[in-house]
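K.L.:
This is the structure I have questions about; it appears just below.
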Amino acid sequence: MQVSDWGARCAFAGHRRKPDTQLDLILDYRSNLALYPDFQSYFRKHRPPLLAAWGRHYPAFLPAGAIAYQRDLPDVEVHLLDAGFLRWKHIIMRSRR
């Protein structure tokens with residue numbers, strides 16, 4: 001992970017204890033893996049609508065992660081953007097105006 005990504009995540013979190021909060025999330029991420037079967041089961045059973053908008057060049061979350069939703073949600077809408085994290089953050093902020 002690049003230093004610029006770390007700074008952007010802290011700014012995006014909008015919390016006074018930004019570095020601590022982000023570090024907790026990063027270090028706890030591996031515990032999410034154990035929950036994947038539950039998420040996948042929920043998706044297959046309830047088929048919630050999902051829009052997966054992914055930064056194609058963001059090294060922490062590869063495009064295959066977005067495409068994998070198609071296994072459990074055949075109607076998922078996947079968009080691989082020609083962007084990384086910083087560009088995606090800009091898109092979100094502009095859409096909130």
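The values are calculated or read from the model by the stated rules, or taken from the named source; none is laboratory data. This is a predicted model, so every value here is computed, not measured. Cβ: placed from backbone, ideal geometry, glycine included. Neighbour counts: every protein chain shown.
K.L.:
I'd like to verify a number: residues in the stretch 35-58 that are over 16 Å from Q70 (Cβ atoms) and in contact with a His (Cβ under 6 Å, 6 or more places away or on another chain), how many?
P.N.:
Selection size over the stretch 35-58: 0.
K.L.:
Just one of (1) part of a helix (DSSP H, G or I); (2) at pLDDT 90 or above; (3) surrounded by 15 or more Cβ atoms within 10 Å (Cβ to Cβ); (4) of a type in the set (A, V, I, L, M) trips up V78, so point out which.
P.N.:
For V78, the failing item is (1).
K.L.:
While we're here: Under 8 Å between Cβ atoms, which residue pairs at least 6 apart in sequence (or on different chains) link something in the stretch 30-58 that is over 28 Å from A83 (Cβ atoms) with a partner that is surrounded by 10 or more Cβ atoms within 10 Å (Cβ to Cβ) and β-branched (V, I, T)?
P.N.:
Sorted first by the residue in the stretch 30-58, then by its partner, the list stays empty.
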